1. Could you please give the count of residues in region 601-620 that are more than 16 Å from residue 864 (Cα to Cα) and surrounded by fewer than 24 Cβ atoms within 10 Å (Cβ to Cβ)?
2. For region 170-183, enumerate the residues that are surrounded by fewer than 24 Cβ atoms within 10 Å (Cβ to Cβ) and outside any loop (DSSP other than H, G, I, E, B).
3. Go through region 125-149 residue by residue and tally those that are part of a strand (DSSP E or B) and crowded, with 19+ Cβ neighbours inside 10 Å.
4. Look through region 268-286, keep the residues that are assigned to a helix (DSSP H, G or I) and out of contact with any Leu (no Cβ under 7 Å at 6 or more places or on another chain), and return whichever of them is least open to solvent (accessible area, probe 1.4 Å).
5. In region 542-593, how many residues are without any contact (Cβ under 8 Å) to a residue 60 or more places away in the chain and over 23 Å from residue 812 (Cβ atoms)?
6. Looking only at region 463-479, how many residues end up being touching a Leu at 6+ places or on another chain (Cβ under 9 Å) and either surrounded by fewer than 22 Cβ atoms within 10 Å (Cβ to Cβ) or not in a loop (DSSP other than H, G, I, E, B) (or both)?
7. Would you point out the residue of region 160-197, among those that are of a type in the set (A, V, I, L, M, F, W, C) and in contact with a Gly (Cβ under 7 Å, 6 or more places away or on another chain), that is farthest from residue 270 (Cα to Cα)?
8. Answer yes if at least one residue in region 768-778 is buried (at least 22 other Cβ atoms within 10 Å of the Cβ), touching a Phe, Trp or Tyr at 6+ places or on another chain (Cβ under 8 Å) and closer than 23 Å to residue 573 by Cα, and no otherwise.
Amino acid sequence: MHPYIQYVNPHLGKLLKDLKMDKQFIRGEGCYLYDNQGNQYLDCVASYGALPFGSNPKEIWDCIHNFYQTKEPNFIQPSALNAAGELAKKLIEITHEKLQYVTFTNSGAESVEVAIKLCRSSTSRIGILSTKNSFHGKTLGALSATGKNSYQQAFGAPINGFNYVKYGDLDSLEHELENNPAYYAAFIIEPIQGEGGIVEPPKNYLKKAKELCSKYRVLFILDEIQTGLGRTGTLFAYEEENVYPDVILLAKALGGGIVPIGACISTAEVYNEEFAIQHSSTFAGNSFACRVGLKVLEILTRNNQEITETIKKNGKILKNNLLTLKDRYPKIIKSIRGRGLMLGIEFGIDRNTFPGSFLGIMAEQDLLTPVVSSYLLNNEKLRVAPTLNGNHVIRIEPPLNITENQCLAAIQGIEKMLEVLNEGNTAKFLSYLIDTDSNKQYNKFVHKHESRVFSSGSDDEGRFAFLIHPVDLKNYCEFDESLYIFNENELHQLTSSWTNMVEPFAVSQTKIISASGKEAFGEFIAIPKTAEQLINMPKDQVLNELKTAINLGKKRGAKIIGLGAYTSVVSMGGLYLKDSDVPLTTGNSYTVVSAADAILYSMEKLEILPEYATAGIVGATGSIGKGITKLISQSVSRLILIGNPKNKQSSLKRLYNIAGEIYKYLATLINEDFEFTPGSIGYKLLKMNNLPNWDAHQKEFVEFSKSFEMKDSPIIVTTSINEMLPLADVIISATNNIDKLITPGNLKYGAIICDMSRPGNVSEEVQQLRPDVLVIDGGVIEVPGLPSLGWNFGFEKGLAYACMAETMMLALEHHYTHTSIGSSGVSLDSILFTRDLAKKHGFKLANLRSFDRPLSNERWETVLNTRSQKIG
């Protein structure tokens with residue numbers, strides 16, 4: 001691991017590594033950077049404007065060498081600082097005649113901090129007014145002035161006294177000043193919002209804002225930390241409107257790309273004795289940085305500010321070419337922003353641009369611009385960067401001395417990127433992130449997913465959401481079909497790079513119309529983590545991921561939320577999420593019903609009588625396995641309850657408890673004179689004198705279950721799957737295990753397997769090598785009216801998993817309470833309740849499936865013929 005990632009910032013380092021932006025630059029010359037592999041990159045970030053002349057400008061280094069030669073002392077506070085005085089005089093000469101005093105700092109954020117202190121001390125007021133979506137730095141005061149809550153929350157910001165108005169809106173500014181007289185010390189604003197997305201205010205906004213501030217006796221601070229010193233085509237951005245501030249802030253370019261230095265320049269009216277005496281800094285105003293600052297100003301003002309004309313010219317070349325690209329790719333580029341060499345490309349992509357594509361999802365979650373930046377870095381060797389607040393914008397901020405040819409090279413790289421992005425082919429666009437064949441042929445990709453939007457119905461309409469996730473890697477392809485071109489290893493690499501970035505998202509919508517005429521609107525919320533990833537994630541991390549998805553569903557109007565696949569497993573059947581302030585269901589009760597229906601149907605078709613059949617339940621301690629066991633216990637001849645061999649003692653204890661519950665349940669049926677079929681477990685119990693009474697304590701039934709020799713026991717308890725599974729005529733697998741537990745070698749001749757697990761526990765070899773065995777997928781339901789669910793779950797239109805169907809039924813019924821939560825939540829009562837709801841609303845078992853595909857007539861015939869030959 002690189003020392004930066006290991007010791008400095010592992011979280012940012014991981015993101016950079018995932019996006020292949022963790023380049024190790026070992027040399028920089030002018031507008032170019034060179035990595036340790038010898039690659040050359042055109043730098044159009046210029047450290048967010050802090051490299052005015054690119055990397056390692058000779059004139060700045062000559063200045064530094066001269067500083068060393070002269071032996072001028074550096075840190076000599078307190079004294080009359082020669083270099084600081086000379087630089088301050090020069091700054092005042094080139095700004096505005098009203099500005100008279102300079103306080104030096106070590107950074108842009110520190111310049112903001114100084115301005116806040118200066119204005120508060122000058123006015124004896126506490127309030128600082130800023131704009132929404134602004135950026136002024138990340139120290140506590142500067143962060144409080146930054147109008148972005150997501151930056152502030154974790155740090156106790158904003159501190160007292162800070163407020164925000166809409167950028168570029170004079171009415172909101174005047175309203176705030178008028179309604180809070182004598183409160184605000186200053187209004188701080190960027191002439192162009194940099195991190196906000198290269199946002200320019202309306203013409204004459206700065207001038208009129210200054211007039212309003214003067215009217216209400218509020219000081220006007222211009223943050224020119226990024227825009228100042230030539231960046232916009234004039235020495236200072238405020239020159240465009242011929243307005244001067246009470247305080248102007250500088251940094252970044254002032255250090256010539258070599259040293260950190262900033263400045264807070266103010267009028268005589270603002271500067272005051274209390275501030276002058278109380279404020280000081282050990283490092284600010286040091287001779288070394290100030291000599292560099294003087295050289296920077298000399299270069300910028302040389303030949304009557306000749307460089308600003310070059311900036312204007314090259315800025316126009318860049319912007320005009322970008323506008324041409326906007327016209328060529330209107331569905332990709334929304335706008336071109338900024339002026340001079342401070343430009344931004346705003347992307348207009350959303351999920352409707354590329355339906356059924358992860359590119360659209362990334363754009364929706366503000367992840368596309370980092371990916372675009374990474375694409376340009378890796379494929380076009382062009383270095384750009386997203387803006388931090390304006391998450392749909394990438395900035396183009398090259399060094400001020402970029403040449404015309406370099407500008408055209410940058411445009412060429414951007415154009416090549418747009419050509420690929422415009423195809424909407426996720427696989428092709430992101431292929432650079434993985435180790436794949438560079439000559440792989442990507443066919444033109446057509447998005448087949450339809451964009452479906454349902455109008456919200458009346459209050460009588462049920463509302464639900466259902467959490468889904470890719471059970472395995474191939475499920476990513478079912479959502480974004482361009483990914484089918486990748487093999488499993490390539491898919492693993494690709495999804496590993498983005499799953500830590502992409503948050504849960506609403507993937508599709510549907511409307512369900514019940515057989516009774518009731519309606520429900522629902523959305524599917526996708527969590528971009530496979531079953532394996534969810535299982536291996538730390539508990540707190542996975543629960544936070546699920547809570548984010550639940551909150552999204554609730555925010556979008558869901559009144560009950562279903563937990564699909566491993567979202568139920570990792571949350572202990574929803575128990576860890578019960579405090580989510582919205583009712584939840586695992587859907588396991590109706591899953592049990594559907595599995596039992598599928599098993600009984602298959603047994604009938606294959607002419608297997610339940611009362612002569614042994615049923616093996618793999619994963620019998622889980623809520624689904626336990627529920628199915630109870631439901632079929634009154635019909636079959638024997639049960640084999642199979643637990644986890646990795647936790648043998650605890651598994652056996654739980655299995656005996658389940659066996660005791662089943663005996664107690666059957667004893668209750670005996671007491672109610674239930675008519676058992678001869679041969680069934682219940683019929684056998686009728687003949688036993690030692691069966692406890694139905695109202696006996698559970699412990700007595702547990703002891704009863706332990707009293708049998710295994711060969712005589714109606715309910716066998718075991719953790720030996722390979723030893724006991726060959727005794728079962730019918731097998732139900734309902735585990736949380738992602739392994740293939742059921743193989744051709746551990747099956748009885750003519751067995752029926754109902755695989756409820758996702759991923760499935762049955763090896764595909766069973767299909768190939770055991771023509772006598774029928775494998776069915778459990779829990780696939782036909783939804784009334786066969787509605788589209790909005791995306792590809794691997795089923796035909798109108799089919800859904802039983803857990804989804806339960807969520808839909810509960811919404812149709814307006815049954816907004818926790819249902820099927822935890823092991824105890826899947827009771828006989830809840831199972832029978834969902835069975836009744838299914839009948840009422842028209843949900844029924846779909847045509848059987850096997851290995852995620854419709855069970856063909858040919859397979860039925862193969863099994864029937866093979867079995868008949870054996871019998872014959």
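1. Number of matching residues: 5.
2. Let us first name the residues in region 170-183 that are surrounded by fewer than 24 Cβ atoms within 10 Å (Cβ to Cβ), namely 170-172, 174-183.
Passing the criteria: 170, 171, 172, 174, 175, 176, 177, 178, 179.
3. Count: 6.
4. 276
5. Summing the residues that are without any contact (Cβ under 8 Å) to a residue 60 or more places away in the chain and over 23 Å from residue 812 (Cβ atoms) in region 542-593 gives 11.
6. Filtering region 463-479 for residues touching a Leu at 6+ places or on another chain (Cβ under 9 Å) gives 464-467, 469, 473-474, 476-477.
Filter once more, keeping what is either surrounded by fewer than 22 Cβ atoms within 10 Å (Cβ to Cβ) or not in a loop (DSSP other than H, G, I, E, B) (or both): 464-467, 473-474, 476-477.
Counting residues in region 463-479 that are touching a Leu at 6+ places or on another chain (Cβ under 9 Å) and either surrounded by fewer than 22 Cβ atoms within 10 Å (Cβ to Cβ) or not in a loop (DSSP other than H, G, I, E, B) (or both) gives 8.
7. The extreme case among them is 192.
8. Taking every residue of region 768-778 in turn, at least one turns out to be buried (at least 22 other Cβ atoms within 10 Å of the Cβ), touching a Phe, Trp or Tyr at 6+ places or on another chain (Cβ under 8 Å) and closer than 23 Å to residue 573 by Cα.
The values are calculated or read from the model by the stated rules, or taken from the named source; none is laboratory data. Computed from a predicted model, the values in this text were never measured in an experiment. Note that we place each Cβ from the backbone using ideal geometry, even for glycine, and neighbour counts take in every protein chain shown. Side chains included, ligands, DNA and RNA excluded: accessible areas come from the protein's heavy atoms. Shrake-Rupley method; radii C 1.70, N 1.55, O 1.52, S 1.80 Å.
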